[in-house]
Amino acid sequence: MAVKRLLLPPEPPEVEWGVEGLFPRGYVSLVFAHQGQGKTRLVSFLAVQAARPEGRGLFAKRRVRHGRVVILDADDPGGLGYALWINRFLKAYEDADRGLVDLRSVEGGLTPEDVAALEAELKEDPPAFLVLDAFSSAFLGVDVVKPHLVHAPMRALTALAHSLNTTLILLDHVGKLAPGQSVAQKGALGSVVKLASPRAAFALERMPPREVEGRDVVKLTCVKQSYAPLPPPIGLELVWLQEEEGCYFKPYPLPEGQSLEEKAEAVILLVLQEAGEEGIPRKELLEEAVRRANVSERTAKAALSALRGRGAVEVVELPGRGAPRVYRLANCVVSFAQNRENAVQDEADFGQSRLPKMDGGTKNAVQDRADFGQSDEEGQKFSETPLAENPGLAENPPSPEGGIEEEWIWL
């Protein structure tokens, strides 16, 4: 019988963690990102932290479980990326035991038999972490857009994590984003079933250099956390040692940013300022908001409605055939004669731009309200120093010395 009775404990059970409050032990955690956003670096750093002595490993100021880390690289059979980054992080943490990092390749994809064999091998000495990079490369015969095909390998990985009582981290890719859509909103490539089995899921993306003073910063956004409060987005800055042979991650305070609707509002105000007394038709205004703020039309409409509700924007009917209506900033007084003159001029200049140029002072004043260099997430305030993240570094500071595709049916 597939159904079995579970004992209900008298008290809430204690949750075990691979990384405190982030990656639970005994379950799958999903990390998804576009290519080149830092998945390999992040996992390599975590592996080195797990290889440090008990109680010394830290990830974003959170304790990391000590023990062996098994990395299954299905994206690169040679494992070059992991070999590079693991050794770079080991340069900064000489107390880490490189023997605890077990790097393996996956060639030709994983079958149910492969997963069973892996479980049998690791059962005798379960690792603290098991990393699979990545879903699409490991399960070659699975169409990621079909839920019933995705569900089977995801359940197999969940069973594997539970059987080994290990923290299984599954890496995955992301599809093309829609205008104004973030990686966290998009989710992993293919079916949403990928988010059903994991108990934690994270979106990883690099911060634009202009938003972080030119630094190399990644943002880890938790989109699902079953056994702990949902943490705020985490910023991690990659810092190189002086000789640039080694490096480490340290917490970085993410800039406080605007919501998408706030960005759209700022753009609308800017466009209306540029249009001046003539105003601008609603369709053109929304098109400019969508293009400049990189948001959806729905968001632009909501922003325009909010501005009208606050009295910042008004609608004016102009004289002429069809009673044309335009939007402009509130309290922008124009005489009736001027309106007629503008309407006639518009017909004479049909096809030309309706947006006059502003003087420098006016443009700067409005541009100050449209700060698009901000993140749309609130970040934590962290210490600027690596010692704050890794108190153990005070005693041991970072030192420079130191195939064939086959279709598999999952049943």
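Could you please find all residues in the stretch 197-221 being within 16 Å of Phe45 (Cα to Cα), crowded, with 22+ Cβ neighbours inside 10 Å and more than 10 Å from the chain's Cα centre (by Cα)?
Matches in the stretch 197-221: Val217 only.
Go through Pro233, Pro153 for me and flag whichever is more than 22 Å from Phe45 (Cα to Cα) and either among the basic types (Lys, Arg) or touching a helix residue (DSSP H, G or I) at 6+ places or on another chain (Cβ under 9 Å) (or both). It would help to see each step written out before you state the result.
Working: Pro233 fails: more than 22 Å from Phe45 (Cα to Cα).
On inspection, the qualifying residue turns out to be Pro153.
Could you look through the stretch 276-289, keep only residues that are surrounded by 20 or more Cβ atoms within 10 Å (Cβ to Cβ) and under 15 Å from Leu318 (Cα atoms), and pick out the one that is modelled with the highest pLDDT?
Ranking the candidates gives Ile280 first.
Go through the stretch 87-115 residue by residue and tally those that are farther than 20 Å from Val48 by Cβ and exposed (fewer than 13 other Cβ atoms within 10 Å of the Cβ).
Just the residues of the stretch 87-115 that are farther than 20 Å from Val48 by Cβ, to begin with: 106-115.
Among the residues that remain, those that are also exposed (fewer than 13 other Cβ atoms within 10 Å of the Cβ) are: 107, 113.
Residues flagged as farther than 20 Å from Val48 by Cβ and exposed (fewer than 13 other Cβ atoms within 10 Å of the Cβ) within the stretch 87-115 amount to 2.
Could you tell me which numbered condition Leu84 fails, if it satisfies all but one of (1) under 16 Å from Arg41 (Cα atoms); (2) surrounded by 15 or more Cβ atoms within 10 Å (Cβ to Cβ); (3) not basic (Lys, Arg)?
(2)
Just checking, does the stretch 127-148 include any residue being at pLDDT 95 or above and more than 24 Å from the chain's Cα centre (by Cα)?
Checked the stretch 127-148: at least one residue is at pLDDT 95 or above and more than 24 Å from the chain's Cα centre (by Cα).
Going by what's in this entry, would Arg62 be described as surrounded by fewer than 22 Cβ atoms within 10 Å (Cβ to Cβ), of a type in the set (D, E, K, R), within 20 Å of the chain's Cα centre (by Cα) and under 21 Å from Lys250 (Cα atoms)? Quick ask: steps written out before the conclusion?
On the way: surrounded by fewer than 22 Cβ atoms within 10 Å (Cβ to Cβ): yes; of a type in the set (D, E, K, R): yes; within 20 Å of the chain's Cα centre (by Cα): yes; under 21 Å from Lys250 (Cα atoms): yes.
When the stated conditions are applied, Arg62 passes them.
Can you find even one residue in the stretch 40-55 that is touching a Ser or Thr at 6+ places or on another chain (Cβ under 7 Å) and either surrounded by fewer than 22 Cβ atoms within 10 Å (Cβ to Cβ) or not polar (S, T, N, Q) (or both)? Steps first, answer last, please.
Initial filter on the stretch 40-55 (touching a Ser or Thr at 6+ places or on another chain (Cβ under 7 Å)): none.
Within the stretch 40-55, not a single residue is touching a Ser or Thr at 6+ places or on another chain (Cβ under 7 Å) and either surrounded by fewer than 22 Cβ atoms within 10 Å (Cβ to Cβ) or not polar (S, T, N, Q) (or both).
Taking only the stretch 2-28 into account, find how many residues are out of contact with any Gly (no Cβ under 8 Å at 6 or more places or on another chain) and either aromatic (Phe, Trp, Tyr) or surrounded by 10 or more Cβ atoms within 10 Å (Cβ to Cβ) (or both). Spell out how you get there, then give the answer.
Our first condition is that a residue be out of contact with any Gly (no Cβ under 8 Å at 6 or more places or on another chain); within the stretch 2-28, this holds for 2-15, 17-23, 26-28.
Cutting the leftovers down to either aromatic (Phe, Trp, Tyr) or surrounded by 10 or more Cβ atoms within 10 Å (Cβ to Cβ) (or both) gives us 15, 17-23, 26-28.
Here the count works out to 11.
The values are calculated or read from the model by the stated rules, or taken from the named source; none is laboratory data. Model, not experiment: these values are computed from the prediction. Using ideal geometry, Cβ is built from the backbone for each residue, glycine included, and neighbour counts are taken over all protein chains shown.
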